[in-house]
1. Can you give me the number of residues within the stretch 25-45 that are among the β-branched types (Val, Ile, Thr), surrounded by 13 or more Cβ atoms within 10 Å (Cβ to Cβ) and out of contact with any strand residue (DSSP E or B) (no Cβ under 6 Å at 6 or more places or on another chain)?
2. Out of all the residues in the stretch 11-24, which are under 14 Å from residue 56 (Cβ atoms) and touching a strand residue (DSSP E or B) at 6+ places or on another chain (Cβ under 8 Å)?
3. Go through the stretch 10-32 residue by residue and tally those that are part of a loop (DSSP other than H, G, I, E, B) and in contact with a Leu (Cβ under 6 Å, 6 or more places away or on another chain).
4. In the stretch 46-61, which residues are among the small types (Gly, Ala, Ser) and either touching a Cys at 6+ places or on another chain (Cβ under 8 Å) or surrounded by 16 or more Cβ atoms within 10 Å (Cβ to Cβ) (or both)?
Amino acid sequence: MPDTANCAGLRPCPFCGTRPANAIEIDVATWAVPCHACQAIGPLAGDERRAAELWNARPAA
């Protein structure tokens, strides 16, 4: 089951500044944080928590 509480601290999108709502499962056991405003997508990860960590660890645009 997804752990959406871990996504509460997501950084804003580096491209448009919108704060993403949460990580989503885009394929079986493949998670990413999408920006619903500009359609950017963060790095792929094996679980929701790691997808959120990778989104927050990326360099600023």
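1. 2
2. Quick first cut of the stretch 11-24, residues under 14 Å from residue 56 (Cβ atoms) only: 11-14, 19-20, 22-23.
20, 23 - these are the residues of the stretch 11-24 that are under 14 Å from residue 56 (Cβ atoms) and touching a strand residue (DSSP E or B) at 6+ places or on another chain (Cβ under 8 Å).
3. Going through the stretch 10-32, the residues part of a loop (DSSP other than H, G, I, E, B) turn out to be 10-23, 28-29.
With in contact with a Leu (Cβ under 6 Å, 6 or more places away or on another chain) added as a condition, the list becomes 20.
The qualifying residues number 1.
4. Initially, the stretch 46-61 is screened for residues among the small types (Gly, Ala, Ser), giving 46, 51-52, 57, 60-61.
Scanning the stretch 46-61 gives 51, 52.
Taken together, the values in this text are just the output of simple stated rules run on the coordinates, not laboratory data. The shown structure was predicted, so the numbers you read here are calculated from the model rather than taken from an experiment. Cβ: placed from backbone, ideal geometry, glycine included. Neighbour counts: every protein chain shown.
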